[in-house]
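Just so it is clear, none of the values below were taken in a lab; they were calculated from the coordinates. As the structure is a computational prediction, the values presented were derived from the model and not from experiment. Methodologically, a virtual Cβ is constructed for each residue, glycine included, from the backbone with ideal geometry; neighbour enumeration extends over all protein chains shown.
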Amino acid sequence: MGLHINQNKIKFMATNTNTRTGNVDADLIINDQNIEAVKEFIYLGSPVNPNHNTSEEIKRQIIIANRCYHDLSKYLANKRLF
């Protein structure tokens, strides 16, 4: 029992809050298997990067919101609904 890790799917990202470069010169080895280092990954639908930069995610969310508003605008403008 306990935690089971799929070693074929697992990856890791290291950050350094002092330099914010995201360059990884270290290896992570678990049970004699090398774990791949990545520079970005998706967590709960949002990209995470070593620079802690959220501007791209904010732009993406604004685009999604604009699309939703555009799709709903014909209904929002209908005076019969209110």
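Would you work out which of ALA65, VAL48, ALA26 lies farthest towards the positive end of the dipole of the chain? Charges go on Cβ: Lys and Arg +1, Asp and Glu -1.
ALA65
Could you pull out every residue, at least 5 positions away or on a different chain, whose amide H is within less than 5 Å of the one on ALA14? Hs are placed 1.01 Å off N in the peptide plane, and Pro or chain starts have none.
Distant-sequence amide H within range of ALA14: VAL38.
List the equivalent ellipsoid semi-axes of the chain in whole Å, largest first, each obtained as the square root of 5λ for an eigenvalue λ of the Cα gyration tensor.
Its equivalent ellipsoid spans semi-axes of 42, 19, 8 Å.
Pairs of lysines 8 or more apart, or on different chains, with alpha carbons under 26 Å: count those in the chain, would you?
4
What number comes out for the charge environment of GLU40, summing +1 per Lys or Arg and -1 per Asp or Glu over other residues with Cβ under 12 Å away?
0
Tell me the angle of helix 55-76 to the major Cα principal axis of the chain, expressed in degrees between 0 and 90 and rounded to the nearest ten.
In the chain, helix 55-76 runs at an angle near 30 degrees to the longest axis.
Work out the FRET efficiency for TYR43 and ASN78 from their Cβ-Cβ distance, taking R0 = 41 Å, and round it to the nearest 0.05.
Once rounded, the FRET efficiency stands at 0.60.
Under the Karplus relation 6.51 cos²θ - 1.76 cosθ + 1.60, θ = phi - 60°, what is the ordered set of whole-Hz ³J(HN,Hα) values for the stretch 33-39, x standing for Gly and Pro?
Per residue, the Karplus-derived 3J(HN,Hα) values read 10, 6, 9, 6, 8, 10, 9 Hz.
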